[in-house]
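Beneath this line is the structure, given in structure tokens, with notes to follow.
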Amino acid sequence: MSSPQVDVVLPCLDEAGALPWVLGRLPEGWRAIVVDNGSTDGSADVAREHGALVVEEARRGFGAAAHAGLEAATAPYVAFCDADASMDPADLPTLAAPVLAGDAELVLGRRRPTARGAWPFHARVANRVLAHLMRRASGVALHDLGPMRVASREGLLGLGLLDRRSGYPLEMVLRASEAGWRIHELDVPYSPRVGRSKVTGTIRGTVRAVEDMSRLLREAGR
């Protein structure tokens with residue numbers, strides 16, 4: 001069996017209900033790396049039953065889980081996707097195409113809600129404000145801090161990403177921009193997630209994410 005060209009990192013905290021659908025939608029030949037970030041609902045067992053490589057990450061935080069998956073990856077390219085069924089892994093080849101063709105170093109998915117309630121109002125407003133600040137800080141015409149993205153494993157490791165909380169996706173863009181990467185954005189459908197979000201599903205989680213990202217933007221401004 002040949003080695004996968006793309007490993008898909010799926011940070012996971014209590015996503016047992018969504019994982020069967022998510023893992024079943026993975027492109028053929030791509031490997032899923034489910035990073036269990038302290039689940040209590042048996043997510044890790046579900047992931048293993050559906051053929052995923054499971055990595056345990058005890059440190060809580062999206063960045064901690066995402067980076068643990070990146071370090072566990074062995075394929076030349078790495079994709080990131082939420083494990084809550086809000087985004088369809090079947091859309092990943094479209095995002096990966098410019099990277100695999102050498103036309104971009106990083107491609108992000110711009111979320112396009114498919115139904116009312118897919119993207120809570122408070123989270124959508126926070127994303128819009130942060131995206132504006134990100135454009136000013138990075139000089140890249142992006143509209144979303146979306147979690148679905150694709151880049152080379154070696155390149156991502158070379159960025160030296162340090163954030164281990166909600167600022168990880170933003171830090172990736174800022175460091176990639178500083179490194180002169182070509183960063184593209186493509187539309188992807190965004191559906192209501194299975195279960196409750198730990199970040200955008202609550203105002204408290206959204207505020208914490210905004211705080212993490214605001215800190216990174218202040219540092220970039222300096």
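A simple count of charges around R59, restricted to other residues whose Cβ falls under 14 Å of its Cβ and scoring Lys, Arg +1 and Asp, Glu -1, yields -2. DSSP finds beta bridges in the range 6-221, and of those with both partners inside it, around 25 percent are antiparallel. Once the C-beta distance of T40 and R116 is scaled by a Förster radius of 45 Å, the resulting FRET efficiency is 0.90 to the nearest 0.05. Short-range pairs are left out: with C-alpha atoms under 8 Å and at least six residues apart, the relative contact order of the range 19-151 is 25 percent.
Inter-label distance, A90 to E154: 3.4 nm, where each label sits 7 Å from its Cα along the C-beta direction.
By the beta-carbon count within 10 Å of each Cβ, the least crowded to most crowded order of R153, R135, fewest first, is R135, R153.
If each residue's Cβ is checked for other Cβ atoms within 10 Å, how do D187, D88 rank with the fewest at the top? Let's see the in-between values first.
Numbers: D187 14, D88 17.
If I rank by nearby Cβ atoms, fewest first, I get D187, D88.
Scale the Cα Rg of the range 1-136 by the rule-of-thumb value 2.2 N^0.38 Å and send over the ratio, two decimals.
1.08
As a rough guide to protection, the peptides 123-134, 167-178, 76-87 ranked by mean Cβ packing within 10 Å, highest first, stand as 76-87, 167-178, 123-134. Based on DSSP H segments of at least four residues, each scored -39500 (n - 2.57), the chain has a per-residue ellipticity at 222 nm of -12000 deg cm²/dmol.
Applying the Karplus relation 6.51 cos²θ - 1.76 cosθ + 1.60 with θ = phi - 60° to the range 171-176 yields 3J(HN,Hα) values of 4, 4, 5, 4, 5, 5 Hz, where x marks Gly and Pro.
Since every read-out is calculated from the coordinates, none of them should be taken as a lab result. The model shown is predicted, which means the values in this text are computed figures rather than measured ones. Positions of Cβ are backbone-derived with ideal geometry, glycine not excepted, and every protein chain shown enters the neighbour counts.
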